[in-house]
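**Student:** Encoded as structure tokens, here's the structure I'll be asking about.
The values are calculated or read from the model by the stated rules, or taken from the named source; none is laboratory data. Values in this document were obtained by computation on a predicted structure and should not be read as measured data. Using ideal geometry, Cβ is built from the backbone for each residue, glycine included, and neighbour counts are taken over all protein chains shown. Calculation scope for accessible area: heavy atoms of the full protein, side chains included, ligands and nucleic acids excluded. Shrake-Rupley method; radii C 1.70, N 1.55, O 1.52, S 1.80 Å.
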Amino acid sequence: MLILYNIRRYVMTEKYLNTVYEKIKTANVYDIAIKSPLEYAKNISKKLNNQIYIKREDLQPVFSFKLRGAYNKIQKLKNLKYKKALIAASAGNHAQGVALSAKKLGIKAFIVMPKTTPKIKIDAVKSLKANVILHGDAYDDAYDYALKKSIKEKLEFIHPYDDLDVIAGQGTIAIEILDQLQKKPDYIFVPVGGGGLLAGITALIKKESPKTKIIAVEPHDSDCFNRAFLSKKRVKLKSVGIFADGVAVRQIGEKTFKITKDLVDSSILVSTDEICAGIKELYDETRTIAEPAGALSIAGIKKFIKSHNVKNKTFVAIFCGANMNFDRLRHVSERSEIGELNEMIIGVTIPETPGSFKKFCSLIGKRSITEFNYRFADTAKAHVFAGIKLNNGLKDKKSILKVLKSNKYKVVDFTDNEMAKLHIRYMVGGISKNTNNEKIFRFIFPEKPGELLTFLNAIGSIWNISLFHYRNHGADFGRVLIGLQIEEVQVSKLLKHLNSLNYEFFEETYNDAYKLFLR
């Protein structure tokens, strides 16, 4: 009986996959979508010793692949003489895909978005003539409201991923990949949220190029497919990460999982730092800024190649979207350096004596210090929060830690400490009670490796440093805020010395910000 059940199950699954495959082959998306380029990534390929191709779905009219599935679904409604309005729930790319498709086909569209949706995204949907309804504080609230409204008012609900026509529209990407590459790729890495893109690509590729391996990529904190893939059943996450919001889905789709669970070859998870490094990698290659979800594929490829030591294979990355909020770029820039292991973050305890800063910097050597935070609190020892540029990744990092520890410094590695990276680095310091003889100066100096040590040598070891903040901003000039403990009778001597250094500087002792937060 078990054998008969499995045979029936296999036949049903095969029949289902054939239906999806045929839907993909007959899907209509090119009235509105473009055949996006498949670009050879020359620099990334050389770095990774493999042939890497990037499928540029960021070049679609709404900067995302979501347009394909939305249009394929909605134009089928149009062909069925559908005259009523439709509705969708989304805070991002699906909303724009549905809005543009409905506008193109002359169908009224309602888009339900959470009240917390950034204004830039709301305005983008409104500009496409859709009716925006703001409801709830999260996507689930908007989704539930849209679903109820669709039933009550008999509106067609356009699901973002768990619909065969939507899946088929996304699957047209796979047809293009095989046509453009003119050979069978060894690997295709696909970002996963609800699974519509993964299901469409998998259903087509496994029919026409069964030896091509499909690898699903998700963030560590939004891994609904990975958990379902490993347990062989759909799992609902208690919470999802917010960084890669384009794939922040609690549960993989029912239809999408049915298509992918036995055909996807593997699943890989990447961290926020690795995603940021992927964004930087894509920018260096294409001069385009990916949204976090858009960089998942390239982040997954980099991690996979390094961990499996793969060489001379052909990889395809799906650059699935570029709807990036501008205000996130600083965070991405900082975290990308750690994601590529170009920077390490450490906490170091040093003696509270004149010259100790200089000695610490001399041990670091000619390496660039990316950040240096300190505030006087104890007469015996000082705690410094520092970022250090790495030239040879893990090897360089181990070397620095070894040198510092061999010189009797107590060192804590914060490179993988999420709290330290997100919060502590900006909060080091605070108010000191020992500020009676403190003078505050802001310096500007040419930014180059070793220049911070040169600056400290120029300042000298006569006066004790009570405050120090430095952050490398990637500009031509470095900026330092420094506090020096000095008796009033020596101030003129200090100023004469500082003026002789040929550094541009400003005294900030009487700055209200200093008096309020640091004194």
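**Student:** Please go through region 199-260 and write out the trypsin sites (Lys or Arg not before Pro) that DSSP classes as loop and that have at most 11 other C-beta atoms within 10 Å. Don't jump to the answer; show the numbers that get you there.
**Tutor:** On the way: sites: Lys206, Lys207, Lys211, Lys213, Arg227, Lys232, Lys233, Arg234, Lys236, Lys238, Arg250, Lys255, Lys258; in loops: Lys211, Lys232, Lys233, Arg234, Lys236, Lys238, Arg250.
When the trypsin sites (Lys or Arg not before Pro) of region 199-260 are filtered for loop state and at most 11 Cβ neighbours within 10 Å, Lys211, Lys232, Lys233, Lys236, Lys238 remain.
**Student:** Still on this structure, I have one more. So what's the angle, to the nearest 10 degrees on a 0 to 90 scale, between helix 272-286 and the longest Cα principal axis of the chain?
**Tutor:** 80
**Student:** Let me ask something additional. Percent of accessible area on region 167-227 owned by carbon and sulfur, 1.4 Å probe?
**Tutor:** On the way: 720 of 1660 Å².
Of all accessible area on region 167-227, carbon and sulfur atoms account for 44 percent.
**Student:** Can you tell me the orientation of helix 296-308 relative to the chain, as the angle in degrees between its alpha-carbon axis and the longest Cα principal axis, to the nearest 10?
**Tutor:** 80
**Student:** Any idea what the relative contact order of region 170-318 is, in percent, if you count C-alpha pairs under 8 Å spaced at least 6 apart? Let's see the in-between values first.
**Tutor:** Values: 274 pairs, mean separation 41.8, N = 149.
Answer for region 170-318 is 28 percent.
**Student:** Would you mind getting me the FRET efficiency between Asn457 and His135? Use the beta-carbon distance for r and R0 = 56 Å, nearest 0.05.
**Tutor:** Values: r = 61 Å, r/R0 = 1.09.
Once rounded, the FRET efficiency stands at 0.40.
**Student:** Through the Karplus equation 6.51 cos²θ - 1.76 cosθ + 1.60, θ set to phi - 60°, convert the phi angles of region 201-210 into ³J(HN,Hα) values in whole Hz; use x for Gly and Pro.
**Tutor:** Taking θ as phi minus 60°, the curve returns 5, 5, 4, 7, 5, 5, 7, 9, 8, x Hz for region 201-210.
**Student:** For the chain, what does -39500 (n - 2.57) per DSSP helix run (n ≥ 4), summed and divided by total residues, give at 222 nm, in deg cm²/dmol to the nearest 500?
**Tutor:** -12500 deg cm²/dmol
**Student:** Shifting gears a bit: How large is ³J(HN,Hα), in whole Hz, for each residue of region 334-346 in order, when computed from phi with the Karplus curve 6.51 cos²θ - 1.76 cosθ + 1.60 and θ = phi - 60°, using x for Gly and Pro?
**Tutor:** Karplus-based 3J(HN,Hα) across region 334-346 equals 5, 6, 5, 5, 6, x, 8, 6, 9, 8, 10, 10, 9 Hz.
**Student:** If you roll a 1.4 Å probe over the heavy atoms of the protein chains, what accessible area per residue do you get for the chain, in Å²?
**Tutor:** 47
**Student:** Rounded to whole Hz and in sequence order, give me ³J(HN,Hα) for region 251-265 from the Karplus expression 6.51 cos²θ - 1.76 cosθ + 1.60, θ = phi - 60°, writing x for Gly and Pro.
**Tutor:** Coupling constants for region 251-265: 9, 4, x, 5, 6, 5, 6, 4, 6, 9, 4, 9, 10, 5, 7 Hz.
**Student:** First measure r as the distance between the Cβ atoms of Asn309 and Glu254, then evaluate 1/(1 + (r/R0)^6) with R0 = 35 Å and state the FRET efficiency to the nearest 0.05.
**Tutor:** On the way: r = 37 Å, r/R0 = 1.06.
Between Asn309 and Glu254 the formula returns 0.40.
**Student:** Quick one: which residues, 5 or more positions from Ser466 or on another chain, have an amide H under 5 Å from its amide H? H modelled 1.01 Å from N in the peptide plane, none for Pro or chain starts.
**Tutor:** Answer set, sorted by chain and number: Gly483, Leu484, Gln485.
**Student:** Within the accessible area of region 300-410, what % is carbon and sulfur when the probe is 1.4 Å and the other protein chains stay in place? Please report the intermediate quantities before stating the final value.
**Tutor:** Numbers: 2650 of 5110 Å².
Percent of accessible area from carbon and sulfur atoms in region 300-410: 52.
**Student:** Taking H as built 1.01 Å from N, whose amide H comes closer than 5 Å to the amide H of Val192, not counting residues under 5 places away?
**Tutor:** Amide H to amide H, under 5 Å and 5 or more residues apart or across chains, Val192 pairs with Val217.
**Student:** What angle do you read, to the nearest 10 degrees and between 0 and 90, between the alpha-carbon axis of helix 66-79 and the longest principal axis of the chain?
**Tutor:** Value to nearest ten degrees: 20.
**Student:** Pull up all non-local amide H partners of Leu134: gap of 5 or more, or a different chain, and H-to-H distance under 5 Å with H placed in the peptide plane.
**Tutor:** Met113
**Student:** Next question. Counting only other residues whose beta carbon sits under 13 Å from that of Gly321, what net charge do I get with K and R as +1, D and E as -1?
**Tutor:** Numbers: positive: Lys55, Arg56, Lys66, Arg68, Lys121; negative: Glu57, Asp58, Asp245, Glu291.
Around Gly321, the charge tally is +1.
**Student:** To one decimal place, what Kirkwood hydrodynamic radius in Å is obtained for region 1-131 from all pairs of distinct Cα atoms? Mind dumping the intermediate values first?
**Tutor:** Numbers: mean 1/r = 0.0572 Å⁻¹.
In region 1-131 this quantity evaluates to 17.5 Å.
**Student:** Also, I was wondering about something else. In percent, how large is the relative contact order of region 61-173, given Cα pairs closer than 8 Å and 6 or more residues apart?
**Tutor:** Values: 201 pairs, mean separation 38.7, N = 113.
Here the relative contact order equals 34 percent.
**Student:** Tell me the relative contact order for the chain as a rounded percent, counting alpha carbon contacts under 8 Å between residues six or more apart. Intermediate results must be reported in sequence, preceding the final value.
**Tutor:** Details: 1018 pairs, mean separation 60.3, N = 519.
About 12 percent, as a whole number.
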